[in-house]
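*Asks:* Take this structure first; my questions come after.
The values are calculated or read from the model by the stated rules, or taken from the named source; none is laboratory data. Since the structure is predicted, the reported quantities are computational estimates derived from the model, not experimental observations. With ideal geometry, Cβ positions are generated from the backbone for all residues, glycine too; neighbour counts draw on all protein chains shown.
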Amino acid sequence: MTFGTVFSREIIRRMQQIQCVIHVPEPYRQRAWYGLRMLLLPFRLDPVLTDNADFEGDGVYYGTEDTDTSHLTDATWKLFIEPETWEYFERQTTDLPPHRHVRIGEDRIPVLFGAKGDLTFDPVAATFYFLSGWQEALQRRRDEHGRFRFEGSIQEKLDIRLTPVVEWYRHIAGDALAKKGVQVERKQFGDKTWAFCSTHDIDYVRKWRPGIYKREILDRALLNREKESHSDRLTRLVEAGWSLLHSSDPFRDAIERIQKELDTRSVSGTFFYKAGAHGHRDVEYDLHDSYVISALSEQLSAGHEVGLHPSYHAFSHDLRLSDEKNRLERSIHRVVPAHRAHYLRFDYPGSIATLQSAGFSIDSTLGFAECAGFRFGTCLPFPLLNPLTMDESTVWEVPLCVMESALFNRQNLTGVEAERETNRMIQTCASVGGVFVGLWHSTLWDERDYPGWGAHFLSSLDEARRFEAHCDSLSGVIDAWK
């Protein structure tokens, strides 16, 4: 099912105001307001919070049943919250929310909280749960890099890794509002219904460097620590020696080819560059190196975006992150709005304030490191929120859907399987009017160590074009949508 088909196709040039009454206990009121605004975010609607006494009877009523609702008309979308819902959030528990499933066509969608009125479940509370990062703020289990784990997440427990459940809640809400006479129109990306973002982390600007020579010659060719065949070891030894005689490098070739493939298809991408190195997880390169200067200049001239890929420890270090952002901005002589953490490190929700303090307006870190999937239950941008303090930031998240290294290295998929899973997610994003964000590194087309990665990138680009995506940088997509 394509969501856009259930709404009017007439173009509404102005946002339509819609009155919203939230009549719930005070501790839950802020959470409900964020959840309701996020639920309505994809539509050309401007929710206006209204006192119950001033409510004119047309719009949205979200509250308790134990109040006078005689002024509500048939044009009011009525959702009566259950006490168990706000009690769940007040307990700040890591328990899985109460849930059941509803069937929409062939899809089986989990709904987390019950309700009465025009729906039998509460899409406001469920939207707050996912987009506030509630499970990550309360669940402190992390991997060795301090990242939230897919294992134990609600996505794993309910088998919804590849289902953007929040978009289903929005679909149901939009349909319900339309039945109440509200003119519901989805926002678009220019003249397209969905968007595709090609993003690239430049962890390295060359493959052949001292550490790699040690690995290839000593560890693999001579000591055979990878238990490879004699012919493979000999091939690696020859390749290492050959690299000393030639100026070309596979990672530099990849950076150049990525841009060429994007430019050929008239696609704008986002390239994340490093501006610091503070540990063994970082490979340092100089922003003033002639090759880096040339690559940055060509990418910017072609209309691509440059973002910051900070050093390993900067995700939790305000001053270090700000310093690296300033270095990159001085290098390219323009503001850097976009950020993606190295190793996808994000201390939720603490990193939100770190990003805002450094002056970023866009982040695209929040995907699963172990696998593809919808980590926040959505494939649309949203403003990050600290659900414990209820501080809403000015940083917009454009959630990461697929990282090629997760598909090949951690899910252990073949090239065909990786393309199949990625195409499924691309088609899902297209069907719900979302944004597909893919991450490909500067290791593409190195078939010795990263076989199939380059083909996966090209397949994804072509699939996006086949489904007529608005292909743009992260900033471009947000600007076109907002």
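Listed here are the residues, each with its yes/no results for (1) surrounded by fewer than 22 Cβ atoms within 10 Å (Cβ to Cβ); (2) among the charged types (D, E, K, R); (3) under 23 Å from the mean Cα position of the chain (by Cα); (4) closer than 30 Å to Thr443 by Cα.
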position	(1), (2), (3), (4)
Ile172	yes, no, yes, no
Val182	yes, no, no, no
Arg206	yes, yes, no, yes
Pro210	yes, no, no, yes
Tyr213	yes, no, no, yes
His230	yes, no, no, yes
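*Asks:* I've got another one for you. Free of Cβ contacts under 8 Å to residues at least 24 places away in the same chain and out of contact with any helix residue (DSSP H, G or I) (no Cβ under 6 Å at 6 or more places or on another chain), is that true of Val416?
*Replies:* Details: free of Cβ contacts under 8 Å to residues at least 24 places away in the same chain: yes; out of contact with any helix residue (DSSP H, G or I) (no Cβ under 6 Å at 6 or more places or on another chain): yes.
Answer is yes for this residue.
Residue-by-condition table, conditions (1) more than 24 Å from Ala195 (Cα to Cα); (2) in contact with a Leu (Cβ under 9 Å, 6 or more places away or on another chain); (3) modelled with pLDDT under 95; (4) of a type outside the set (Gly, Ala, Ser):
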{"position": "Asp263", "(1), (2), (3), (4)": "no, no, no, yes"}
{"position": "Gly269", "(1), (2), (3), (4)": "no, yes, no, no"}
{"position": "Tyr273", "(1), (2), (3), (4)": "no, yes, no, yes"}
{"position": "Ser297", "(1), (2), (3), (4)": "yes, no, no, no"}
{"position": "Val306", "(1), (2), (3), (4)": "no, yes, no, yes"}
{"position": "Ile352", "(1), (2), (3), (4)": "yes, yes, no, yes"}
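Conditions (1) closer than 29 Å to Thr354 by Cα; (2) charged (D, E, K, R); (3) out of contact with any Gly (no Cβ under 7 Å at 6 or more places or on another chain); (4) modelled with pLDDT under 95, marked per residue:
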{"position": "Cys401", "(1), (2), (3), (4)": "yes, no, no, no"}
{"position": "Asn412", "(1), (2), (3), (4)": "no, no, yes, no"}
{"position": "Arg420", "(1), (2), (3), (4)": "no, yes, yes, no"}
{"position": "Leu439", "(1), (2), (3), (4)": "yes, no, yes, no"}
{"position": "Gly454", "(1), (2), (3), (4)": "no, no, yes, no"}
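*Asks:* Just a yes or no: is a residue in segment 320-337 in contact with a Lys or Arg (Cβ under 9 Å, 6 or more places away or on another chain), modelled with pLDDT of 95 or more, part of a helix (DSSP H, G or I) and under 26 Å from Asn409 (Cα atoms)? First the steps, then the outcome.
*Replies:* Of the residues in segment 320-337, the ones in contact with a Lys or Arg (Cβ under 9 Å, 6 or more places away or on another chain) are 324, 328, 336.
Retained after the next criterion (residues that are modelled with pLDDT of 95 or more): 324, 328, 336.
In the following step, the residues that additionally are part of a helix (DSSP H, G or I) were identified as 324, 328.
Right, trim to under 26 Å from Asn409 (Cα atoms) and you get none.
Checked against the condition, which is being in contact with a Lys or Arg (Cβ under 9 Å, 6 or more places away or on another chain), modelled with pLDDT of 95 or more, part of a helix (DSSP H, G or I) and under 26 Å from Asn409 (Cα atoms), segment 320-337 yields no hits at all.
*Asks:* Please indicate, with yes or no, whether at least one residue in segment 227-241 is farther than 18 Å from Ile202 by Cβ and in contact with a Lys or Arg (Cβ under 6 Å, 6 or more places away or on another chain). Before you say what the answer is, go through the steps one by one.
*Replies:* Of segment 227-241, the ones farther than 18 Å from Ile202 by Cβ are 227-241.
Remaining after also requiring in contact with a Lys or Arg (Cβ under 6 Å, 6 or more places away or on another chain): 236.
Scanning segment 227-241, I find at least one residue that is farther than 18 Å from Ile202 by Cβ and in contact with a Lys or Arg (Cβ under 6 Å, 6 or more places away or on another chain), so the answer is yes.
*Asks:* Could you count how many residues in segment 355-387 are farther than 22 Å from Ile202 by Cα and either within 11 Å of the chain's Cα centre (by Cα) or surrounded by fewer than 23 Cβ atoms within 10 Å (Cβ to Cβ) (or both)?
*Replies:* Initially, segment 355-387 is screened for residues farther than 22 Å from Ile202 by Cα, giving 356-357, 373-387.
Now restrict to residues that are either within 11 Å of the chain's Cα centre (by Cα) or surrounded by fewer than 23 Cβ atoms within 10 Å (Cβ to Cβ) (or both): 356-357, 373-383, 386.
Residues that pass the stated criteria total 14.
*Asks:* I need the full set of residues from segment 262-307 which are aliphatic (A, V, I, L, M) and without any contact (Cβ under 8 Å) to a residue 40 or more places away in the chain, in order please. Please lay out each step first, then the result.
*Replies:* In the first step, residues of segment 262-307 are kept if they are aliphatic (A, V, I, L, M); the result is 262, 267, 275, 277, 283, 287, 292-293, 295-296, 300, 302, 306.
Across segment 262-307, the qualifying residues are Ala277, Ile293, Leu296, Leu300, Val306.
*Asks:* Filtering segment 448-471 down to residues that are free of Cβ contacts under 8 Å to residues at least 60 places away in the same chain and assigned to a loop (DSSP other than H, G, I, E, B), which residue is nearest to Asp232 (Cα to Cα)?
*Replies:* For segment 448-471, the residue satisfying everything is Asp449.
*Asks:* Identify the residue in segment 408-447 that is of a type in the set (D, E, K, R) and in a loop (DSSP other than H, G, I, E, B) and, among all such residues, is surrounded by the most Cβ atoms within 10 Å (Cβ to Cβ). It would help to see each step written out before you state the result.
*Replies:* Keep residues of segment 408-447 that are of a type in the set (D, E, K, R), which gives 410, 417, 419-421, 424, 446-447.
Applying the additional criterion that residues be in a loop (DSSP other than H, G, I, E, B) yields 446-447.
Values: Asp446: 18, Glu447: 12.
Only one residue tops the list, namely Asp446.
*Asks:* Right, next: Does segment 225-238 contain any residue that is modelled with pLDDT of 95 or more, small (Gly, Ala, Ser) and out of contact with any Gly (no Cβ under 7 Å at 6 or more places or on another chain)? Lay out the reasoning, then the answer.
*Replies:* The initial filter retains those residues of segment 225-238 that are modelled with pLDDT of 95 or more, namely none.
No - not one qualifying residue is present in segment 225-238.
This table checks each residue for (1) surrounded by fewer than 20 Cβ atoms within 10 Å (Cβ to Cβ); (2) touching a Pro at 6+ places or on another chain (Cβ under 7 Å); (3) of a type in the set (D, E, K, R); (4) on the phi < 0 side of the Ramachandran plot.
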{"residue": "Tyr62", "(1), (2), (3), (4)": "no, no, no, yes"}
{"residue": "Asp66", "(1), (2), (3), (4)": "yes, no, yes, yes"}
{"residue": "Thr76", "(1), (2), (3), (4)": "no, no, no, yes"}
{"residue": "Pro83", "(1), (2), (3), (4)": "yes, no, no, yes"}
{"residue": "Phe89", "(1), (2), (3), (4)": "no, no, no, yes"}
{"residue": "Leu112", "(1), (2), (3), (4)": "no, yes, no, yes"}
{"residue": "Leu119", "(1), (2), (3), (4)": "no, no, no, yes"}
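*Asks:* Condition (residue is polar (S, T, N, Q), out of contact with any helix residue (DSSP H, G or I) (no Cβ under 9 Å at 6 or more places or on another chain), more than 22 Å from Arg186 (Cα to Cα) and not in a strand (DSSP E or B)) applied to segment 53-68: is it met by at least one residue? Reasoning before the result, please.
*Replies:* Residues of segment 53-68 polar (S, T, N, Q): 64, 67.
Add one more test, that the residue is out of contact with any helix residue (DSSP H, G or I) (no Cβ under 9 Å at 6 or more places or on another chain), and what stays is none.
No.
*Asks:* Something else now. Within segment 187-198, does at least one residue satisfy the condition of being part of a loop (DSSP other than H, G, I, E, B) and at positive phi? Show your work before the answer.
*Replies:* Residues of segment 187-198 part of a loop (DSSP other than H, G, I, E, B): 187-188, 190-191, 193-194.
This time we only want the ones that are at positive phi, so: 190.
Looking through segment 187-198, at least one residue is part of a loop (DSSP other than H, G, I, E, B) and at positive phi.
For every residue, the table says whether it meets (1) over 25 Å from Tyr88 (Cα atoms); (2) assigned to a strand (DSSP E or B); (3) at pLDDT below 75.
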| residue | (1), (2), (3) |
| --- | --- |
| Gly4 | yes, no, yes |
| Glu10 | yes, no, yes |
| Cys20 | no, yes, no |
| Trp33 | no, no, no |
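*Asks:* Just to verify a result, which residue in segment 472-482, among those that are among the small types (Gly, Ala, Ser) and assigned to a helix (DSSP H, G or I), is surrounded by the fewest Cβ atoms within 10 Å (Cβ to Cβ)? Walk me through it before giving the result.
*Replies:* Step one: filter segment 472-482 for residues among the small types (Gly, Ala, Ser), giving 473, 475-476, 480.
Filter once more, so that each one left must be assigned to a helix (DSSP H, G or I): 475-476, 480.
Values: Ser475: 19, Gly476: 21, Ala480: 16.
Looking at the filtered set, the residue picked out is Ala480.
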